[in-house]
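First comes the structure, then the notes that go with it.
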């Protein structure tokens, strides 16, 4: 069983994604915003994968992704971006910064599962 973190500022979206992840047989933790997720990482917690929103107050998903990819101890954590942003420039930037997959909201169960599989494969899992 994998432990998946959901990092989003929309609690309704968190609940929907959490339900999908449980249907897929995963444990979930959620963080309302990137700051508490970063604090959990720095405190020694570690997920098997992170599902990350882009547009969040205080610390954006892009900033959090950059934080993950700049630190060697977090570089190998698979990241799936899940956002309402669908513009090619946004998707391309997230992928260039190290996101392993990108899906747009609202997301279907099968689409989320495929994105997670792609992210795990990118990290040898």
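The values are calculated or read from the model by the stated rules, or taken from the named source; none is laboratory data. This is a predicted model, so every value here is computed, not measured. Note that each Cβ is placed from the backbone with ideal geometry, even for glycine, and that neighbours are counted across all protein chains shown.
Within region 84-100, the set of residues being modelled with pLDDT of 95 or more, touching a strand residue (DSSP E or B) at 6+ places or on another chain (Cβ under 9 Å), outside any helix (DSSP H, G or I) and at negative phi comprises 99, 100.
Could you please let me know if residue 109 is surrounded by fewer than 17 Cβ atoms within 10 Å (Cβ to Cβ) and touching a helix residue (DSSP H, G or I) at 6+ places or on another chain (Cβ under 6 Å)? Answer is yes for this residue.
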